[in-house]
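The values are calculated or read from the model by the stated rules, or taken from the named source; none is laboratory data. Since this is a predicted model, take the numbers as computed values, not measurements. Cβ placement follows ideal geometry from the backbone for every residue including glycine, while neighbour counts extend to all protein chains displayed.
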There are 2 protein chains.
Amino acid sequence: MNPPYQNIDSNFTDPNISSPLIISPIFKPLYQQIKTLIMQNLQSNRWKSGELIPSEIELSHYFKVSQGTVRKAIDELATENILVRRQGKGTFVATHHERHAQFRFLRLMPDSGKSQIIDKKIAKFKRLHATAEIASLLGLKLVDSVIYIRRIMIFDNVPTILEEIWLPGTLFETLTHEYLVDYEGPIYGLFETRFGICMIRAVEQVRAFIASTNLAKLLSVKKSSPLLCVDRVSFTYSDRPVEVRRGFYITNHHHYHNKLS
Amino acid sequence: MNPPYQNIDSNFTDPNISSPLIISPIFKPLYQQIKTLIMQNLQSNRWKSGELIPSEIELSHYFKVSQGTVRKAIDELATENILVRRQGKGTFVATHHERHAQFRFLRLMPDSGKSQIIDKKIAKFKRLHATAEIASLLGLKLVDSVIYIRRIMIFDNVPTILEEIWLPGTLFETLTHEYLVDYEGPIYGLFETRFGICMIRAVEQVRAFIASTNLAKLLSVKKSSPLLCVDRVSFTYSDRPVEVRRGFYITNHHHYHNKLS
DNA sequence: AAGTGGTCTAGACCACTTT
DNA sequence: AAGTGGTCTAGACCACTTC
């Protein structure tokens with residue numbers, strides 16, 4: 001049986017869990033259909049951040065395809081940093097809890113190359129109505145509620161980044177100031193663990209910027225110092241925007257690092 | 001025959017061309033050995049930019065492995081943008097001649113999103129001795145000759161980038177001012193076509209910068225305007241550095257764009 | 001010993017391009 | 001029709017982890 005781009009007839013239901021599932025896509029290679037199905041299971045939080053997903057063999061039985069086809073789907077998701085394969089153990093949903101993950105999206109590196117101690121200070125936490133710009137970026141309406149966070153990142157005891165963060169209020173209903181202050185580690189880890197929201201990609205726009213009086217005070221630099229202004233929009237599955245961020249970076253002893261290929 | 005990580009016994013010689021070739025690596029998966037072998041053929045300019053490489057079947061005969069193993073090697077090189085597969089035609093060495101390629105390494109985008117007319121003006125072309133810093137970055141000695149280029153990039157008739165470029169003199173022996181002025185299209189295309197040098201990756205460091213009097217004049221902005229200072233080192237095969245570049249970007253109507261994942 | 005992902009093979013057929 | 005890459009299968013064995 002080797003049909004031209006048939007559709008998976010999957011009413012794939014994991015026998016251990018009973019929850020609704022999955023529509024078959026149309027006329028794409030099988031491995032891409034399987035990729036989509038796996039993504040849908042991630043999106044619906046059926047498989048959560050850090051969890052083990054079914055083995056290749058199991059999935060190939062569920063989907064009624066060969067192991068090689070499942071493998072190709074997982075291979076691509078692994079190179080996209082959405083899944084992580086571990087030989088002998090299984091395939092896991094990627095997480096961002098580890099120290100290492102601190103720098104997945106943060107591109108500011110010390111010129112010295114040395115690692116550094118990172119502190120965070122929450123300067124503000126508010127719920128307010130979305131401005132037109134934020135609403136548009138987050139795909140919200142003007143009346144919708146937004147969480148606004150302002151924080152300062154301190155590298156080796158030197159304030160280095162001032163960051164403003166906007167989040168959709170409904171997605172982070174239970175998020176509070178205390179919650180943020182108490183949490184150790186990367187904030188994206190918090191989003192995953194407590195709110196089941198996983199950022200899978202982001203886009204950034206970087207511009208040169210002259211520090212205003214107010215900004216200079218907050219970052220303890222002279223007025224009119226040069227700063228990087230870094231605007232970021234982060235997306236979860238299905239390209240849904242779930243965070244807007246603006247950072248002001250001091251680049252006297254750091255640089256924004258980027259690999260091109 | 002399905003041995004544990006044997007070595008390819010390849011004395012692979014393309015019957016059509018007679019040139020020396022190829023050392024066998026040790027105890028790595030076959031497909032990685034093949035990846036290395038292919039890279040060596042690119043590095044030695046046996047297969048040149050834009051050219052068709054042998055088909056998967058041919059390569060699998062040369063290397064005495066299955067087509068699937070060659071396929072896996074090529075798959076990875078294709079996702080690294082080093083090779084390009086074209087169904088029905090074959091596999092080609094990636095090029096950077098097309099318009100599109102103008103933006104492979106240039107991350108400055110107009111805020112408007114519209115495409116724009118790009119002009120270039122060569123402001124300086126000199127041969128000189130490497131400074132300590134440039135020599136170190138390019139892996140040269142202090143006595144070695146370096147080409148220094150200064151040019152201005154003009155987007156829609158507005159000067160927007162001032163760029164300084166340093167190249168190893170010996171690699172670009174025949175490069176002249178006229179050569180550069182006359183050449184249309186991306187400079188990396190010129191390097192590939194005329195000098196057989198292909199940049200496969202680069203790293204950039206971005207910092208905020210205040211325009212000096214001199215720089216402001218060259219870019220037609222006010223003194224003390226904020227600029228991005230973008231330092232780039234580009235590498236060819238085997239991680240050999242072959243270009244150092246410093247760009248000053250005006251970000252009043254443009255931004256440095258970056259995708260994170 | 002059993003289960004997982006990792007590598008490799010051999011063969012089939014599909015989709016696309018060129019002759 | 002012939003040649004290329006693209007998809008899919010089935011099966012073997014290796015390397016690693018856990019029991």
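Could you please give the count of residues in the stretch A:104-122 that are under 20 Å from the mean Cα position of the chain (by Cα) and closer than 13 Å to A:His255 by Cα?
4
Can you list residue pairs whose Cβ atoms sit under 6 Å apart, with the first residue in the stretch A:22-45 being among the hydroxyl-bearing types (Ser, Thr, Tyr) and the second being modelled with pLDDT under 95? Count only pairs 6 or more apart in sequence or on different chains.
Note: pairs meeting the criteria are A:Ser24/A:Asn7; A:Ser24/A:Ile8; A:Thr36/A:Pro25.
Are any of the residues in the stretch B:27-40 within 13 Å of DNA strand D (Cβ to nearest atom), within 14 Å of chain A (Cβ to nearest Cβ), part of a loop (DSSP other than H, G, I, E, B) and out of contact with any Ser or Thr (no Cβ under 8 Å at 6 or more places or on another chain)?
Within the stretch B:27-40, one or more residues are within 13 Å of DNA strand D (Cβ to nearest atom), within 14 Å of chain A (Cβ to nearest Cβ), part of a loop (DSSP other than H, G, I, E, B) and out of contact with any Ser or Thr (no Cβ under 8 Å at 6 or more places or on another chain).
Go through (1) under 29 Å from A:Val230 (Cα atoms); (2) in contact with a Ser or Thr (Cβ under 8 Å, 6 or more places away or on another chain) and name the single condition A:Gly113 misses.
(2)
Just wondering, is there one or more residues in the stretch B:187-195 that are modelled with pLDDT of 95 or more and either farther than 15 Å from B:Ser234 by Cβ or within 14 Å of chain A (Cβ to nearest Cβ) (or both)?
Checked the stretch B:187-195: no residue is modelled with pLDDT of 95 or more and either farther than 15 Å from B:Ser234 by Cβ or within 14 Å of chain A (Cβ to nearest Cβ) (or both).
Among what's in the stretch B:222-261 and is outside any strand (DSSP E or B) and within 11 Å of another protein chain (Cβ to nearest Cβ), pick the residue that is farthest from the chain's Cα centre (by Cα).
Of all residues in the stretch B:222-261, those outside any strand (DSSP E or B) come to B:222-225, B:237-239, B:250-253, B:261.
Then drop every residue that is not within 11 Å of another protein chain (Cβ to nearest Cβ), which leaves B:224-225, B:250-253, B:261.
On the way: B:Ser224: 33, B:Ser225: 31, B:Ile250: 24, B:Thr251: 25, B:Asn252: 28, B:His253: 27, B:Ser261: 22 Å.
In this case the residue turns out to be B:Ser224.
So that you can scan it fast, the table gives a plain yes or no per residue for (1) over 27 Å from A:Arg104 (Cα atoms); (2) surrounded by 15 or more Cβ atoms within 10 Å (Cβ to Cβ); (3) of a type in the set (Lys, Arg):
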{"residue": "B:Pro186", "(1), (2), (3)": "yes, yes, no"}
{"residue": "B:Gly196", "(1), (2), (3)": "yes, no, no"}
{"residue": "B:Arg201", "(1), (2), (3)": "no, yes, yes"}
{"residue": "B:Ile210", "(1), (2), (3)": "yes, yes, no"}
{"residue": "B:Leu215", "(1), (2), (3)": "yes, yes, no"}
{"residue": "B:His255", "(1), (2), (3)": "no, yes, no"}
{"residue": "B:Ser261", "(1), (2), (3)": "no, no, no"}
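Is there a residue in the stretch A:188-198 that is outside any helix (DSSP H, G or I), under 25 Å from B:Ala208 (Cβ atoms) and aliphatic (A, V, I, L, M)? Let's see the steps before the verdict.
Step one: list which residues in the stretch A:188-198 are outside any helix (DSSP H, G or I), which gives A:196-198.
Now narrow it down to the ones that are under 25 Å from B:Ala208 (Cβ atoms): none.
The answer is no, given that none of the residues of the stretch A:188-198 is outside any helix (DSSP H, G or I), under 25 Å from B:Ala208 (Cβ atoms) and aliphatic (A, V, I, L, M).
Output the residues belonging to the stretch B:76-93 that are in a helix (DSSP H, G or I) and away from DNA strand C (no atom under 11 Å from the Cβ).
Quick first cut of the stretch B:76-93, residues in a helix (DSSP H, G or I) only: B:76-79.
Scanning the stretch B:76-93 gives B:Leu77, B:Ala78, B:Thr79.
I'd like to verify a number: residues in the stretch A:81-102 that are surrounded by fewer than 14 Cβ atoms within 10 Å (Cβ to Cβ), more than 10 Å from DNA strand D (Cβ to nearest atom) and within 14 Å of chain B (Cβ to nearest Cβ), how many?
The number of residues fulfilling the criteria is 1.
Before we move on, is A:Arg71 modelled with pLDDT of 95 or more and within 12 Å of DNA strand C (Cβ to nearest atom)? Even if it seems obvious, please write down each step before you answer.
Values: modelled with pLDDT of 95 or more: yes; within 12 Å of DNA strand C (Cβ to nearest atom): yes.
Answer is yes for this residue.
Every residue in the stretch A:50-71 that is β-branched (Val, Ile, Thr), more than 10 Å from DNA strand D (Cβ to nearest atom) and assigned to a helix (DSSP H, G or I), please.
A:Ile57, the sole residue that qualifies.
Checking B:Arg207 against (1) free of Cβ contacts under 8 Å to residues at least 60 places away in the same chain; (2) among the basic types (Lys, Arg); (3) more than 9 Å from chain A (Cβ to nearest Cβ); (4) outside any helix (DSSP H, G or I), only one condition comes out false. Which one?
(3)
Among the residues in the stretch B:105-112, are any surrounded by 17 or more Cβ atoms within 10 Å (Cβ to Cβ), part of a loop (DSSP other than H, G, I, E, B), of a type in the set (A, V, I, L, M, F, W, C) and without any contact (Cβ under 8 Å) to a residue 12 or more places away in the chain?
yes
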